[in-house]
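Let me begin by presenting the structure, written as structure tokens, before commenting on it.
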Amino acid sequence: INELGQKQLLAAATGDRKKALSGLLGNLDGFQQIIEKEWKQQEASFNQFGQQACNKITQMENQRVELINSLNK
């Protein structure tokens, strides 16, 4: 990204400001897409972790109930 930004600044310095702005906006769009992709991956991982945690807690609660029931017999 830094290299692309430097190229855009050089283009602006040489007078091609429209091209520089267009290129910079294109770079920002690409950066935004990278961030959105990473966000979705992190969100999916977090949701999976949440499901695993809930399943484990449910399993432990079922074991607790079974243990209490077996002690009451």
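At R0 = 25 Å, how high is the FRET efficiency between SER45 and GLU66 if r is their beta carbon distance? Nearest 0.05 is fine. Working from the Cβ atoms, E equals 0.20.
Here the spin labels are modelled as points 7 Å beyond Cα on the Cα-Cβ line, and at CYS54 and LYS73 they lie 3.2 nm apart.
Laboratory data are not the source of any read-out in this text; all were calculated from the coordinates shown. Not measured: the values here are computed from a predicted model. Virtual Cβ from ideal backbone geometry, glycine too; neighbours counted across all protein chains shown.
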